[in-house]
Each structure stands twice: as structure tokens, then as C-alpha cells.
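*Asks:* I'd like to ask some things about the structure below.
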Amino acid sequence: MTQIPVLTPVDTPAEAPPRVVRKRGWKSYSVYLGLAAILVYCLAPFYWMLVSSFRRTADIFDNSLLPQPFSAENYIKVFDGSTLFGQALLNSLIVAGVTTAAALVLGIFAAYAISRLNFRFKSVILGVIIATSMFPGISVVVPLLRLFTDIGWINTYQAMIVPNLSFAIPLAVWNLTTFMKSLPFDLEEAAMIDGCSKWQAFRKVLLPLAAPGVFTTAILTFIHSWNEFIIALSMVNDPAVQTATVAISKFTGATEFQAPFGEQMAAGVIVTIPLVIMVLIFQRRIVEGLTSGATK
Amino acid sequence: MSTRIAASPRSPGRTKSGNRSAGEGRMAALLLSPTLLVLALVIAYPLVSALYQSMFREQSGLDASGFVAEGEVFVGLGNYADLFVGESGARFLNAFGNTTFFTVTTVTLETVLGLCLAIAMNRAFRGRSFLRASILIPWAIPTAVSGLLWRWIFQSDGIANSLIGSETLWTAEGVAAKVAIIVAEVWKTAPFIGLLVLAGMQIIPEEIYEAAKIDGAGFWRQFRSITLPLVKPTLLVAVLFRLLDALRMFDLPFVLIGPGKESVETLSMLAFDESNQLRYGSASAFAVILFLYVALVAIVFVKLLGADVAGTKQVRALRRATSTRKAKAL
């Protein structure tokens, strides 16, 4: 059978090609050279943001590779209360958290139905759900902006959370369905023969087995919602409710004449750090989640 | 595996199967209805509403009998007809051109670069997890933050200019702004394609390469005759996702260059600007056009190139295999 289990760890040692003793020629060095180039390519811009955020305002235009002198001035300014940046981070957390939770609950039910039950129009429904993820954000925003203005939802969390579901639900359903399909049906069947109801089999057998998939989906959905920009930008104009990504795009700082690059970089680092930590800890899961849809 | 899933509910007790699937159908409807309800609100409603609103236009002026007319008037397809004439038409065509230009250039560069990244990563044995973590960083950085980051890099007295020794104004208007957008976008998304392609490469059995090596195939030959055909399905899906994503590009030009700049304004930005000006009619028309554009690209891509997004082909193939096996068993 050609099917490869969808969420196989991408590079378990067993799968790595058998290691052959090689001559250490220019070829192996060129591999390392290529890898170094990739590292520089991926990390240099982020490193530059990090370094710049630790410079003083006076020497922000320095081009030295390390901040000299090292200063946390920008970080203190970001949180000094004049910009509501702490509040924006909290707002992002609330919006992304609720979006993720809602998408997961709905996604688990939908994915269970699609992967375990027999009904008509199944592939049509799955197709429709996947197709909705291709819907451009702006096509959601323009009509909903008007609706939310009419019902007084502008400057509320739900005005961001509900439109966020337009991309979060397809993502969750898609990931969870592929994952649940890869789990064997036997265990549930055995549990049902032993007298479990369908609901019990789902709750006590399938859900614990699907936990890794649910977790991966949660990480991906959270990252996508945390990074969301156009919906939050359109639905909210009150600085007390706006999310961190919108807040930093509007970061003007205290002085009007000089763009506060140091503070912007510090704010950017703060918004990115939670994601970088997640990437470092859960990198394997994230890659599995990202690639499960593409390689089947 | 899906063979078993597809087959098992049917296999025990054929006589009950009709009864059973009716019950399952009801349960499936129950489980799916919340999802479909929410999607109806956030996808179907906006689509219908945008189509409807795009047929109206804000009116503020004097009507024929001299009264001040306010509110909206029905203009039919007037908003769409206006897309091609006059000043607003020129702006639309420019935005349409920019969107297409950015999509074609960035996705092409991303695909080439992503393939190179994947090949390099596939050859690395040590430090692969470190490499993978670092390759995820550009992907994980919010686009708004990466826009800010690249604006800092592309400052007139920033690091980009001092590295290449020029005094280009990257973040103003013109070709330089376009280049800045392309560089920032490719930086963020090439690793994503690289990761997907790498996953596709890792399921290619090593024996094929061994055999090719014995037959005397060099690196390029192996790449063209083995790697490329075998990662093609993965690559197609990755490119399709990127195409659809690039067509709705908004955050990056908005933050990196700014709204209302002719040389980088995309369709999403134009629609956003129109709705900010409370011209919902034309904003909706732009949103509908963008939606149709995205749908067209998706359909053409799936039909012509056969990108298997939903995995339906495979399911069908499996089902066919199962039924033949069953037939043989009988």
C-alpha cells in the first residue's frame, strides 16, 4: 500500500538513509557551507532585530554586530504605560486563546464525524470546509465590518474571534481529520464490543489517542491567530482592545519626528518571543502538522 | 488504514447497514452542524452580502429634483463597470497588476529557493533539528512584525544600504519598494516551501537513489529524474497554498511601505482602503473580484496540474483497491 502514516516523525534515525563512510572531500564541506548559508539566511534578520532592540536610542544606527553599550532602555519604554502595549499582548492572548479553543472544540466534533461516521456528501463537506480556508481575509472583513457596526460589535473581542474562525476552523478540521484517519479503528471497536457506548469509545479511547494531533492543531491554530492582522486592524480602533500585531504596526512612540525604531524592534521581539519558544520546544510537532496536509 | 475505516462499519451485519448509516448520518449532521453554522456566518454570509453590497453605491449629492440624496442607490453592475474606466479604474488595474506581479515573482522565487533549502537540509545528518528550528523562525514571525523588521533593515541609513553601499530609498515609492516587498516576502515563506518539500523528499526510498547511482546517474540526473517527479505532488500543494496566500497579500506591504502607495498597493489593500472611506459598494466589488481571482487560480491549478489537495484521489484509489480485493476474495 502506498499510504504513509501521515504523522510519522519526519526524521527518526531509522528513516535516515544508511550512513556511508565518505571521503571528507570538498563535497562534504560544501554541504556544511550550504547549511551555514541557510542558517544565516533564516536567522540574520531576526538577529538584527534582536541586536537593534538592545541599543540605546542614541546609537540605534550603529552597525556593530553586538549592542555597545548593551541597554534595555527600549524594553522599559515599551512597557512604560503610554502605549498600552501590555494590554495589547493580553488582548492577543485572549483573542488567539479563545479562537484556538473554539476551533478545537468544533474541529474535534467535525473531524470525528468525517473520519469515523458513514454519511452521504462526506467528501463534498470536507471539500467545502477546505475550500473556505482559501477565502481571502478582506472578503470576510468588508461585509462583516458593516454587520458588526450595525450590531455594535466594533471594538469587542468577539468581533475579532468570530471572523478568525473563518481560517481557524478549516485549519483545525483539516489537521484533526488527517490525524484521526491515521488512527486505527480497532481499539474503539473493541471498546464498543466490550459494552462502551459510541460516546464512551470516543471519549475514553479515541480522544486520548488523538491528543498529540489535537495538541499539534492547537499550536498551529494559536500561531495563526496570534499573527492575524487584517481582521484585528479593521474591527478595532480602540487602543485598549487592539491586538499586539496591530499595536506594533501603529507604534509611534513618544517623539513625533523620529520613528522609534528601537522601541519598535523591542516590541517586535516581545511579540515574537512566545512563538520562538513554541517553535523551539514543539518544532517536531509543528513540522508534522504543517506537512501532514501536503504529503499523504 | 483508511481502508479499514471505510470498510469496517459496513462489514459486520450487512442487513443492518441501511438502518445503521441512517443513524450515523443523523449523528454526523449533529456533529457537523456547529462547524457548518459558523462557516455559514463567517464565509457564506460575507460572500452573499458582498455580492449584494457591490451593487449599491454611496450617494451624497443632489438628486434630480434638487433634494439632498443620502444613503445608497442601486447601481447594478455599475461598480464592476467602473473597474475599468477613469481614475478609480486605473487604481484598480494598478492594484490588480501589483497583486499578480507580486504573486508570480514571490512564488517563483520561493519555489526555487525552497527547493534548494530542502535539498541542502536533506543532505544534512547532524544538527538537523537545530536547522529545522531556525528554518521555522521566519515562518513563525508575525507578518506585521517582519514588515517592521524589514522596514528597519531597508531604512535609508539602515543596514541594507550600508551592506551594499548604496543610498536607495527602499521604503518610498517605485521599483525599490517592490524589491523590498519581494525580498521580505520570500525570506518569510521560502522556508515554508522548503519544509514541505523536505517532508516530501524524506518519503522517497533511498534504494531508488542507490539504484540510480549504480546506473551512473549524477546529481542533476537524480534530481531531475527521481527527486522532482516524486516530490511533485507535495510541491504542487505547497505552491498552491502559497499562490492563494500571496494573492491576498496585505500585512507586508501595509506595514513595510504603508497604505495608499501606488507601487505596492494590492487588491486587499485597495478594498481595505475603500471600506475605510465607507465606500462599501466598491470595497465589496473589489473583495468579490479578489475572491473570484483566488477561486479561479485554485480551480485552474487543481484541474490543470492535478494538485490533490483534499487527498480524494488517494481515497478513491484505496477504495478501488479494496473493492477489487474483496471481489477477488469472493
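*Asks:* Counting residues that are closer than 30 Å to B:F291 by Cα and in contact with a strand residue (DSSP E or B) (Cβ under 9 Å, 6 or more places away or on another chain), which helices (runs of 4 or more DSSP H) fully inside the stretch B:192-256 reach at least 1?
*Replies:* Those helices (runs of 4 or more DSSP H) do not exist here; none qualify.
*Asks:* A follow-up question, please. Which condition does A:G268 not pass, out of (1) within 9 Å of chain B (Cβ to nearest Cβ); (2) in contact with an Asp or Glu (Cβ under 9 Å, 6 or more places away or on another chain), if it passes all the others?
*Replies:* All conditions pass for A:G268, except number (2).
*Asks:* To continue, here is another question. Suppose we keep only residues that are within 7 Å of another protein chain (Cβ to nearest Cβ) and of a type in the set (K, R) within the stretch B:128-169. Which one would you say is farthest from A:L39 (Cα to Cα)?
*Replies:* B:R128
*Asks:* Checking A:R146 against (1) surrounded by fewer than 23 Cβ atoms within 10 Å (Cβ to Cβ); (2) more than 7 Å from chain B (Cβ to nearest Cβ); (3) assigned to a helix (DSSP H, G or I), which test does it fail?
*Replies:* (2)
*Asks:* Is it true that A:F85 is at pLDDT 80 or above and more than 10 Å from chain B (Cβ to nearest Cβ)?
*Replies:* yes
*Asks:* Any chance you could count how many residues in the stretch A:181-198 are within 31 Å of the chain's Cα centre (by Cα) and surrounded by fewer than 19 Cβ atoms within 10 Å (Cβ to Cβ)?
*Replies:* Count: 1.
*Asks:* Let me ask you something else. What is the number of the single condition among (1) of a type in the set (D, E, K, R); (2) surrounded by fewer than 15 Cβ atoms within 10 Å (Cβ to Cβ); (3) assigned to a helix (DSSP H, G or I) that A:D80 does not meet?
*Replies:* Unmet condition: (3).
*Asks:* Taking B:G97 as the residue in question, decide whether it is in a helix (DSSP H, G or I) and more than 10 Å from every other protein chain (Cβ to nearest Cβ).
*Replies:* Here the answer is yes, as B:G97 does meet what is asked.
*Asks:* A further question follows. Could you list, in sequence order, all residues of the stretch A:208-229 that are surrounded by fewer than 14 Cβ atoms within 10 Å (Cβ to Cβ) and either within 12 Å of A:R116 (Cβ to Cβ) or among the aliphatic types (A, V, I, L, M) (or both)?
*Replies:* A:A211
*Asks:* Looking at the stretch B:143-163, which of the residues that are out of contact with any Phe, Trp or Tyr (no Cβ under 7 Å at 6 or more places or on another chain) and outside any helix (DSSP H, G or I) is surrounded by the most Cβ atoms within 10 Å (Cβ to Cβ)?
*Replies:* Filtering the stretch B:143-163 for residues that are out of contact with any Phe, Trp or Tyr (no Cβ under 7 Å at 6 or more places or on another chain) and outside any helix (DSSP H, G or I), the one surrounded by the most Cβ atoms within 10 Å (Cβ to Cβ) comes out as B:Q155.
*Asks:* Here is a further query. Does B:S268 satisfy the condition of being part of a helix (DSSP H, G or I), at pLDDT 90 or above and touching a Phe, Trp or Tyr at 6+ places or on another chain (Cβ under 9 Å)?
*Replies:* Here the answer is yes, as B:S268 does meet what is asked.
*Asks:* Tell me which of these A:W174 doesn't satisfy, since it passes every other one: (1) within 11 Å of another protein chain (Cβ to nearest Cβ); (2) farther than 30 Å from A:R146 by Cβ; (3) at pLDDT below 90.
*Replies:* (2)
*Asks:* Those residues that are assigned to a helix (DSSP H, G or I) and surrounded by fewer than 16 Cβ atoms within 10 Å (Cβ to Cβ), I need them from the stretch B:81-93; list them, please.
*Replies:* B:A81, B:F84, B:G86, B:E87, B:G89, B:A90, B:L93
*Asks:* Of all residues in the stretch A:36-61, count the ones that are part of a loop (DSSP other than H, G, I, E, B) and within 10 Å of another protein chain (Cβ to nearest Cβ).
*Replies:* Summing the residues that are part of a loop (DSSP other than H, G, I, E, B) and within 10 Å of another protein chain (Cβ to nearest Cβ) in the stretch A:36-61 gives 2.
*Asks:* Could you pull out every one of the helices (runs of 4 or more DSSP H) wholly within the stretch A:177-281 that has 1 or more residues that are modelled with pLDDT of 90 or more and among the aromatic types (F, W, Y)?
*Replies:* So the answer is A:207-227.
*Asks:* Out of A:A232, A:A201, A:A244, report the one residue that is more than 7 Å from every other protein chain (Cβ to nearest Cβ) and surrounded by fewer than 24 Cβ atoms within 10 Å (Cβ to Cβ).
*Replies:* Within the list A:A232, A:A201, A:A244, the selection yields A:A201.
*Asks:* Is there a residue in the stretch B:105-121 that is more than 19 Å from the chain's Cα centre (by Cα), within 13 Å of chain A (Cβ to nearest Cβ) and not in a helix (DSSP H, G or I)?
*Replies:* no
*Asks:* Something else now. Whether any residue in the stretch A:102-116 is touching a helix residue (DSSP H, G or I) at 6+ places or on another chain (Cβ under 9 Å), under 17 Å from B:S275 (Cβ atoms) and within 7 Å of another protein chain (Cβ to nearest Cβ) is what I want to check.
*Replies:* There is no residue in the stretch A:102-116 that is touching a helix residue (DSSP H, G or I) at 6+ places or on another chain (Cβ under 9 Å), under 17 Å from B:S275 (Cβ atoms) and within 7 Å of another protein chain (Cβ to nearest Cβ).
*Asks:* Considering each residue of the stretch B:248-287, count those that are at the interface with chain A (Cβ under 7 Å from one of its Cβ atoms) and either over 18 Å from A:N227 (Cα atoms) or not β-branched (V, I, T) (or both), and give that number.
*Replies:* Counting residues in the stretch B:248-287 that are at the interface with chain A (Cβ under 7 Å from one of its Cβ atoms) and either over 18 Å from A:N227 (Cα atoms) or not β-branched (V, I, T) (or both) gives 11.
*Asks:* Okay, moving on. Being without any contact (Cβ under 8 Å) to a residue 40 or more places away in the chain, of a type in the set (G, A, S) and in a helix (DSSP H, G or I) is the requirement here; does B:A184 meet it?
*Replies:* no
The values are calculated or read from the model by the stated rules, or taken from the named source; none is laboratory data. Computed from a predicted model, the values in this text were never measured in an experiment. Ideal geometry is used to build each Cβ from the backbone, glycine not excepted, and the neighbour counts take in all protein chains shown.
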